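Here, each number is a calculation from the coordinates, and none is a lab measurement. Remember, it's a predicted structure, so these values are computed and weren't measured experimentally. Backbone-built Cβ (ideal geometry, glycine too); neighbour counts: all protein chains shown.
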Amino acid sequence: PIPSYFTAIFIISRLMSIMGISKHLNNKLLPPLDNITDKLSLDPSAIESASQDFGHIVKSIPKAVLQPSSIADIASLINFSYNSSIPFTIAAKGHGHSVRGQAMANDGVVVDMTSMKKHRNGTGIWVSNDGVYADVGGEQLWIDVLNATLKHGVAPVSWTDYLYLTVGGTLSNGGISGQSFRYGPQISNVYEMDVITGKAEIVTCSPNKNSELFYAALGGLGQFGIITRARIPLEPAPKRELEQLLKGLSYMPGFMFEKDVLYAEFLNRVQRGELKARSQGLWDVPHPWLNLFIPKSQIQRFNDGVFKGIVLERNITTGPVLVYPMNRKKWDDRMSAVIPDEEIFYTVGFLHSSGFDDREAFDDQNKEILKFCEEAGIGVKQYLPHFTSKDEWVHHFGSKWETFQQRKFQFDPKMILSPGQRIFNNN
Ligand code: FAD
């Protein structure tokens, strides 16, 4: 049986379509509003899958899931919510590799972006004839972008360390890896995007066209629109890249670890870890991760207080701890992403796996690290941020908060999108 909530929506949509409201909206060719309710899935397995993520920490149950077969479907759903007397929340879910429910929509609708893949008819990843850029669907995985572009001898320059993440998902955060110090994060490597705003407008944006939306969406935590296409710059792909990486680096030779692999194998290196963890039953477990950006001037204090202090004392660290440097000048301050206010900063990622019954110890450690940083005035910023109160978000964004909020009012005034980030929605 269809729950009463959707019966109500269905009746409202009928009324709206009878009143011809959909025709006036956003002058785009959208399917009639009642069609979109027909497409909402209430299937228990779809609901279950939309209620969880890689973190296995948060569970938020949506009322329905949309498995879109076109961009118009997504726009239509947003349009429907936007014009409802009580708008409902909508979250795009890419590959669900968030760890704190960021791609969930409690009592709202989750858009399962991956279902777009089978409807793209080969247009999900398209390489320009001159090999200078690729147009990729927001739902595409980076591993697929890699494989498709390599066929043309080209590839994007900026990657994540792990490639089974969607383009829309990483562009909503940053997209960082060991190469970011040189090429910048993925959000610094985008020419243009198509974004469906919280007002259901389908907008093409770039640094020169609708630039406010362009910069808002990059690192925008899904708050301003759903990214359906991104134009990514490409370069000739190196077959092997070791010499290129070492060029210009100053290092002590004894500290160099060398392994000779193909370029694609190098980029996809984390998958080996995934397969191993899966075989040991350590993949689908809670992941109380903490990712921080630390200003260079404070890294020694962080080392003393956290690595030599908290981490050593608690002695519970499991999983990899990633540390690598970043250059502020490779980030554009107009983007929504938040980084420390220093030229060089370090990423430190505690990528913990825990059991289902000992997660609290990791949460406590994370809290203690954050408290230490706050009290010591270290000026850290969280990457893939997670906060539970508005004050914390305001503090996180700092001088960018006013702009972030203004952009929300401009592009998603009814606070429909990505409620799982808990910035403007506190359910
Ligand atoms: P989801 O978790 O599905 O969504 C994340 C957020 O983006 C949500 O708020 C969602 O609503 C929004 N969103 C999703 N799709 C869209 C869209 N098309 N348009 C607008 N908003 C959208 N990050 C790095 O930077 N570098 C790494 O090397 C890296 N490695 C990782 C390895 C693992 C194993 C995991 C679990 C995560 C890793 N991450 C890394 C973090 C990852 O980039 C983010 O969690 C990212 O959001 C995951 O992409 P996703 O497609 O799973 O997004």
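With axes computed from alpha carbons, what is the tilt in degrees of helix 270-279 against the longest principal axis of the chain, rounded to the nearest 10 within 0 to 90? So the inclination is approximately 80 degrees.
A quarter of the convex hull surface defined by the alpha-carbon atoms of segment 290-383 gives 6.2 nm² as the mean projection.
For Lys209, the aspartates and glutamates whose Cα falls under 20 Å of its own Cα, not counting residues fewer than eight places away in the same chain, are Asp135, Glu192, Asp194, Glu201, Asp332, Asp333, Asp412. Here the relative contact order of segment 290-383, from alpha carbon pairs under 8 Å that lie six or more residues apart, stands at 48 percent.
Here the residues Thr204, Thr123, ranked from fewest to most Cβ neighbours within 10 Å of their Cβ, fall in the order Thr123, Thr204. FRET efficiency for the pair Thr204 and Thr123, taken as 1/(1 + (r/R0)^6) with r the Cβ-Cβ distance and R0 = 22 Å, rounds to 0.90. Full extension of the chain between Arg240 and Arg272 yields a length gain of 9.7 nm, computed as 0.36 nm times the residue separation minus the alpha carbon distance. Arrange Trp283, Trp289 by Cβ neighbour counts within 10 Å, fewest through most, would you? Sorted ascending by nearby Cβ count, the order is Trp283, Trp289.
Selection among Ser172, Val154, Tyr133 by position relative to the dipole of segment 129-193 gives Val154 as farthest towards the positive end (Cβ unit charges, Cα centre).
Using C-alpha pairs under 8 Å with a sequence gap of at least 6, the mean separation divided by the residue count of the chain gives a relative contact order of 17 percent. Lysine pairs in segment 290-383 whose alpha-carbon atoms fall under 21 angstrom of each other, counting only those eight or more residues apart or on distinct chains, come to 12. Under a model in which nothing but the beta-carbon of Lys, Arg (+1) and Asp, Glu (-1) is charged, segment 248-375 shows a dipole of about 400 debye around its Cα centre.
Can you tell me which of Phe409, Phe307, Phe257 moves the most in a GNM of the chain? Springs connect C-alpha atoms under 10 Å apart. Among Phe409, Phe307, Phe257, the largest GNM mean-square fluctuation belongs to Phe257. So what is Rg over Rh here for the chain, counting just Cα atoms and using Kirkwood for Rh? Looking at the chain, the ratio lands at 0.97.
Taking the helices alone, the chain has a mean residue ellipticity at 222 nm of -8000 deg cm²/dmol, built from -39,500 (n - 2.57) per DSSP H run of at least 4 residues and averaged over all its residues. Basic side chains Lys and Arg get +1 at the Cβ, acidic Asp and Glu get -1 at the Cβ, and with that the dipole of the chain about its Cα centre reaches some 620 debye.
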